[in-house]
Protein chains: 6
Amino acid sequence: MKTGKPEEIKMSRREEFEEERARPNALVFQEADLPIQQFFALDSQVYEDGALSRKTKELLGLVASLALRGDFIAYHLIQAREQGVTKAEAVGLVVGGSIVIPPLSWAFLRASELWG
Amino acid sequence: MKTGKPEEIKMSRREEFEEERARPNALVFQEADLPIQQFFALDSQVYEDGALSRKTKELLGLVASLALRGDFIAYHLIQAREQGVTKAEAVGLVVGGSIVIPPLSWAFLRASELWG
Amino acid sequence: MKTGKPEEIKMSRREEFEEERARPNALVFQEADLPIQQFFALDSQVYEDGALSRKTKELLGLVASLALRGDFIAYHLIQAREQGVTKAEAVGLVVGGSIVIPPLSWAFLRASELWG
Amino acid sequence: MKTGKPEEIKMSRREEFEEERARPNALVFQEADLPIQQFFALDSQVYEDGALSRKTKELLGLVASLALRGDFIAYHLIQAREQGVTKAEAVGLVVGGSIVIPPLSWAFLRASELWG
Amino acid sequence: MKTGKPEEIKMSRREEFEEERARPNALVFQEADLPIQQFFALDSQVYEDGALSRKTKELLGLVASLALRGDFIAYHLIQAREQGVTKAEAVGLVVGGSIVIPPLSWAFLRASELWG
Amino acid sequence: MKTGKPEEIKMSRREEFEEERARPNALVFQEADLPIQQFFALDSQVYEDGALSRKTKELLGLVASLALRGDFIAYHLIQAREQGVTKAEAVGLVVGGSIVIPPLSWAFLRASELWG
């Protein structure tokens, strides 16, 4: 939560990136009715460690997001790299086709800015 | 139509929102050939009162748009609310899956800005 | 549940239709792990009466299924008609385009066979 | 229209193929309300000769159908070949990705059966 | 390759399943021109061991196929299980939504028949 | 390549448009591993003159991109017009449905800005 202290004023690009994703989600979570809240809960839970590790599940989320050309490919890309896994993108590209190139490219660009 | 009078210069955010949607549509309608114009006409007509009320049809348009992650979810959300109906989003989210969360969330954010 | 009594041997076409849908779902529900079971529960719950009537929600499910060309369009079509609502298909067709014609047509054919 | 004369009884495989597509379409056309009928009319009209030849439009229809993995890829494949054009499939496959391989392969199989 | 010897006449269900997938692919591979053949080669290569194991890549293929509701989900399911991995389906279902339930359920049914 | 000479500083809008597309692609091409690079090569090659002219293939690319609502519709629209072909959009719109209207409209707007 923001307290308005000066040191909070200037967010790093990475924080901006996180917030860009988190803020609208928080809004819909708060305003929406029960089934939507349950869906959000399920969406978090499904990536937790279980029969498959969180690491592997991040890759699955990345590839599913690529194949469907979702809005958070850059987010999944960064999550996967922070879990120490890379190079899953080729599967998503080959399954999904050249229509996947633009969102994949932009995600690379975005991710390179944030790691830069 | 704009006449250039001063009071028209400053559009409200809501008017900007409408224009953002209407302007490119007008362009394609004007430049495109007959089948595209007929498609646009059919697209308006299908939401008119008939065997189903316009109210219900707005909901159908919202859910179809959510499921396909179209570009005008915020528009459909606002239309549906102005018709007095809300809370249809959960169906679109459950049918379409978590890939629908980002466009749904952004639509909530946009709509909340426009309603103040 | 089947008891093997003779009167159960010959299913009506309508029962076959229901079973064709229910049997694989039961299998995945039984074999799958917790998140999948929770998803199935959420999927049932979202069509229950609430802010919107079950009747309206059946239409929303039908149109979302049409727009995404799901496998159970005939099922949704029959559900909607049994709820006393019809004529939502045009929205799904116009939003989803001519690629929706084959699954819509087959759903009509299937539904007409089941209603006699 | 069928008159029941003996020579009509045994349809060639090609006629069966045509009928498999035409019969459900006729049903939906007949039962559906106005916007759906208008959509069907527009769907026929858009492939007629115009600024682009029917030949080219058949290719466009084939590639769009491939990219979306529609149900009538074999039909479009045969139409295109009868118009004397072939070899458009590669674009649809590369744009749409490996998920397009199964429907493309089945369409080849079906088409090869019908051409003998 | 088939030699026509009697012992080849009766295929197991598993062989039928493999053939159902392999035969149309072989046809398109043989008739198609170079870019399609290159695409097929790339599609095989992308699942080979590399920065990620073949095991993990089978999961990625399964989830991408689920999210896009491809035709070979049962095939990917069986491949993944033979690689010793299971339980990835929940990610594909949650990302892709309830529209994924029918193809997922049918894949479970098919796979259960083939495993006895 | 940029040499920093003054005349290079101010890019035309058309050059900006080209760069907006080319820069992220170059990044992914450079960082990605072999299968992705091969995919990019195949994606270029498939539009080259062959059994079908480059002209026709640009149209196929445009329509496939429209049907899937890809990110580079404006790019394909401009490519097609520079090849001297227009008026393919109606097929993409009718196959893909009204969900295609926003990306098509924005592509028209973008293209009209770039042609002045």
Hits in segment B:44-67 - residues which are small (Gly, Ala, Ser) and either crowded, with 20+ Cβ neighbours inside 10 Å or closer than 15 Å to residue C:67 by Cα (or both): B:61, B:64, B:65, B:67
Go through the residues of segment E:88-96 one by one and say whether even a single one is surrounded by fewer than 18 Cβ atoms within 10 Å (Cβ to Cβ) and away from chain B (no Cβ under 14 Å). no
Residue A:84: passes all of (1) within 9 Å of another protein chain (Cβ to nearest Cβ); (2) in contact with a Lys or Arg (Cβ under 8 Å, 6 or more places away or on another chain); (3) over 21 Å from residue C:36 (Cβ atoms) but (1)
Here are some residues: C:32, C:88, C:111, C:80. Which one is of a type in the set (Gly, Ala, Ser), within 26 Å of residue F:67 (Cα to Cα) and touching a helix residue (DSSP H, G or I) at 6+ places or on another chain (Cβ under 8 Å)? C:88
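Residue by residue, here is whether (1) of a type in the set (A, V, I, L, M); (2) at pLDDT 85 or above holds:
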residue	(1), (2)
A:11	yes, no
A:18	no, yes
A:22	yes, yes
A:25	no, yes
A:32	yes, no
A:35	no, yes
A:41	yes, yes
A:46	yes, yes
Out of all the residues in segment A:39-58, which are more than 7 Å from every other protein chain (Cβ to nearest Cβ) and not small (Gly, Ala, Ser)? A:40, A:47, A:48, A:49, A:54, A:55, A:58
Output for segment D:84-116, where each listed residue is under 14 Å from residue D:63 (Cβ atoms) and of a type in the set (S, T, N, Q): D:86
Between C:90, C:107, which is in contact with a Pro (Cβ under 8 Å, 6 or more places away or on another chain) and either of a type in the set (Gly, Ala, Ser) or at positive phi (or both)? C:90
Looking at segment E:9-16, is at least one residue surrounded by fewer than 18 Cβ atoms within 10 Å (Cβ to Cβ) and within 7 Å of another protein chain (Cβ to nearest Cβ)? no
Of (1) within 14 Å of chain F (Cβ to nearest Cβ); (2) in contact (Cβ under 8 Å) with a residue 24 or more places away in the chain, residue C:102 satisfies all except one. Which? (2)
Among (1) in a helix (DSSP H, G or I); (2) within 11 Å of another protein chain (Cβ to nearest Cβ); (3) of a type outside the set (Val, Ile, Thr); (4) surrounded by fewer than 21 Cβ atoms within 10 Å (Cβ to Cβ), there is one condition residue A:79 misses while meeting the rest; what is its number? (2)
Residues satisfying the stated conditions in segment A:27-38, i.e. aliphatic (A, V, I, L, M) and either part of a helix (DSSP H, G or I) or within 14 Å of chain E (Cβ to nearest Cβ) (or both): A:27, A:28, A:34, A:36
Being in a loop (DSSP other than H, G, I, E, B), at pLDDT 90 or above and among the small types (Gly, Ala, Ser) is true for just one of B:50, B:61, B:70, B:4. Which residue is that? B:70
What are the residue pairs meeting all of these: first residue in segment C:74-94, first residue under 15 Å from residue C:47 (Cβ atoms), second residue modelled with pLDDT under 90 and not small (Gly, Ala, Ser), Cβ atoms under 6 Å, and 6 or more apart or on different chains? C:75/C:21
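The values are calculated or read from the model by the stated rules, or taken from the named source; none is laboratory data. Values in this document were obtained by computation on a predicted structure and should not be read as measured data. Ideal geometry is used to build each Cβ from the backbone, glycine not excepted, and the neighbour counts take in all protein chains shown.
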